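Visitor: One structure, pasted below without further comment.
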């Protein structure tokens, strides 16, 4: 099983993990989804206060489906070059202690990265828009489905951005550092619904996730951290910003 490119060693595989045309199409798909999200956020800004109080579950379900469809397209692309998704994930959970190790790393990563993002958010004077607020679940079934959404994001987005894009662009540019930065940029731009300031914050967050993946040569700690961020902190934010 091939390891993720290492920033520390400066080593990166020159072999593309998917055809270039596949990467272009994947970027176009994400651009369209981000543009639709940005349009939705724009429409929300002028919405009446009660418009975002409806049932959120259909929206969650659509987002979950889209996440897995994009991942399926990534799987299709890497298979064309003889790679498998487990190769993109890396790492091993054959021992219980390794699972707890990665969970512990995820928690430490969340603490450190959120301190960085909090400072950046204050510097940018970033505040959650109505589109972000409308994603936060209410108690009951919405919370259950929301956690499935957070889990899907943790798995799918880490594979798509840190597993696929980071390795693909590292190979294209012959630079692990460039692969990391480019995937972070794509990660930020793909969150158009959160607005320009949060897109900058998410770009930095994506780079931090990329550093974690490169250091550990595994996406598993990042998947855990991503789920904890979107799930746990998302539920906490429900009480703080609504």
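Visitor: Looking only at helices (runs of 4 or more DSSP H) that lie completely in region 1-115, which have at least 2 residues being out of contact with any helix residue (DSSP H, G or I) (no Cβ under 8 Å at 6 or more places or on another chain) and modelled with pLDDT of 95 or more?
Guide: Per the criteria, 20-45, 57-80.
Visitor: Separate question: Scan (1) under 29 Å from residue 72 (Cα atoms); (2) touching a residue at least 24 places away in the same chain (Cβ under 8 Å) for the single condition residue 117 breaks and write down its number.
Guide: With (1) under 29 Å from residue 72 (Cα atoms); (2) touching a residue at least 24 places away in the same chain (Cβ under 8 Å) applied to residue 117, the lone miss is (1).
Visitor: Report whether or not residue 236 is surrounded by fewer than 22 Cβ atoms within 10 Å (Cβ to Cβ) and either farther than 18 Å from residue 30 by Cα or modelled with pLDDT under 95 (or both).
Guide: yes
Visitor: Which of (1) surrounded by fewer than 18 Cβ atoms within 10 Å (Cβ to Cβ); (2) under 15 Å from the mean Cα position of the chain (by Cα); (3) over 22 Å from residue 111 (Cα atoms) does residue 196 not meet, given it meets every other one?
Guide: Every listed condition holds for residue 196 apart from (2).
The values are calculated or read from the model by the stated rules, or taken from the named source; none is laboratory data. On a predicted model such as this, the values are computed, not experimentally measured, just so you know. FYI the Cβ positions are ideal-geometry reconstructions off the backbone, even for glycines, and counts take in every protein chain you see.
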